[in-house]
Structures are given as structure tokens and as C-alpha cells.
Amino acid sequence: MIIIILTSVLAYLLGSIPSAVWYGKIFHKIDVRQHGSGNAGATNTLRTLGNKAGFIVFFLDFLKGFIATKLPALTFLKDTNDVSELFNYQILFGVLAVVGHVFPVFAGFKGGKGVAVLFAVLFAMDIRVALICLAVFILLVWITRYISVGSMAGALTSPIAVGYFYGLDQFGFLAFCSVIAIAVVYLHRPNIKRLLAGNENRFSFKSKTK
């Protein structure tokens, strides 16, 4: 139990690493939370500091979510053959990493929406589910040029993909992805309002220089 508690704290602290905030301040002398949408995530970093910065922050956010989700397999469950038990602990630590990203203790509890971290969690648990969600994300961004639309569509795809591969055999995983879908749409409420008003920012493949 002590190991689980300590690992839970570690997962939250990993998620709390404010990649966007630290990268912006160190390399650009800018707090991305004071620009654009005000979120400390890869998307707002991309819009504020350019594609290179956005992709670097995405990778760092992905990495912390992936490591947090893999903690059970790297520590107390490294020899388990119980897939359900492993999935349940991965969900727990993945959720804590997302909570850390959205409410980071190292950045005044003001973080991002957690999409990159959520993708990392899915990638760590089942690469097939993650790649399907990624394909939907890329397709929707390509068609609409709205990252928010791609993010919501990718999240909504996750429970469908899990249901296809596992049915109800891994109900915890299915429930987790269903909650993900609802949470991502909920966190994108400002984007939905801007989409309806016709003033949501479109993604451009042209990188800006800062």
C-alpha cells in the first residue's frame, strides 16, 4: 500500500511538470498562459511560440504521461500476468498524471487541457487504440484546420476503439475512455463557443518565429 501511495504521488508530480510554462520562460521569456487561450499546453504553445515549440512541448507532455502510466509495470507489477490488474493501476496513475497536468503543483495549479498526456496514457495501455485516435485527430485537423475539433473527435473515438478490441472484458478501460471523452469535450467548452461564433483559431502548417 505504501508503494502504491508513493507511486501515486510520483505520477501526479510527473504530470505536474509544466512543460509549456518552463519551455516558454526558459527559451522565449514568455509565460504562454498569458497569451492565446491561456492554457499551458502544446496547442497554445504552438499558436504562441510556433510549431517547433509546440511539438517539443507535446513530446515532453507525452513523455511524462507515458512514464506515469508505465510506473506499475516498472515497479510493483513488473512480473504480473493479470492484464486487468495492470490496466487498473495504469488507469489510476494515468489519471493522476492528467490531474497533475491540468492542476500542476509546480505552476500555481494552472495548467493545460491534458490531451497530449491522455494520448500518452492510451499509447502506454494499448498502442492500437492510441493510433486509431491519432488517425482520427489528424484527419479532422487536416479537414477542418481546428486542433480543438481533432482533439475532441480523437477522444470520442477512444471508447469506441476499446469496445471494438475488448468488448466488456476490460470494463475499467472502457469506462476510463468514456470519461476521457466527456472530460475532453467539457474542457473544450471555450473552443466550442469560439467554433460556434466562427472565431476559433485555425491551425497553420507555417511556423511563426519568436
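The values are calculated or read from the model by the stated rules, or taken from the named source; none is laboratory data. What you see is a predicted model; the values in this text were computed from it and never measured. Here Cβ is always computed from backbone atoms with ideal geometry, including for glycine, and neighbour counts include all displayed protein chains.
Helices (runs of 4 or more DSSP H) fully within the stretch 1-102 that include at least 1 residues being over 23 Å from His188 (Cβ atoms) and of a type in the set (A, V, I, L, M): 2-16, 19-28, 51-74, 83-102. Which members of the stretch 130-160 meet the condition of being surrounded by 22 or more Cβ atoms within 10 Å (Cβ to Cβ), of a type in the set (A, V, I, L, M) and out of contact with any Phe, Trp or Tyr (no Cβ under 7 Å at 6 or more places or on another chain)? The answer is Met152, Ala155.
When the stretch 34-92 is limited to residues that are touching a residue at least 60 places away in the same chain (Cβ under 8 Å) and among the basic types (Lys, Arg), the one that is nearest to Ile127 (Cα to Cα) turns out to be Lys52. Within the set Ala107, Ala116, the sole residue that is surrounded by 23 or more Cβ atoms within 10 Å (Cβ to Cβ) and either in contact (Cβ under 8 Å) with a residue 24 or more places away in the chain or touching a helix residue (DSSP H, G or I) at 6+ places or on another chain (Cβ under 9 Å) (or both) turns out to be Ala116. Flag: Leu71 does not match the condition of being surrounded by fewer than 21 Cβ atoms within 10 Å (Cβ to Cβ) and at pLDDT below 95.
When the stretch 103-137 is limited to residues that are charged (D, E, K, R) and not in a helix (DSSP H, G or I), the one that is farthest from Tyr12 (Cα to Cα) turns out to be Asp126.
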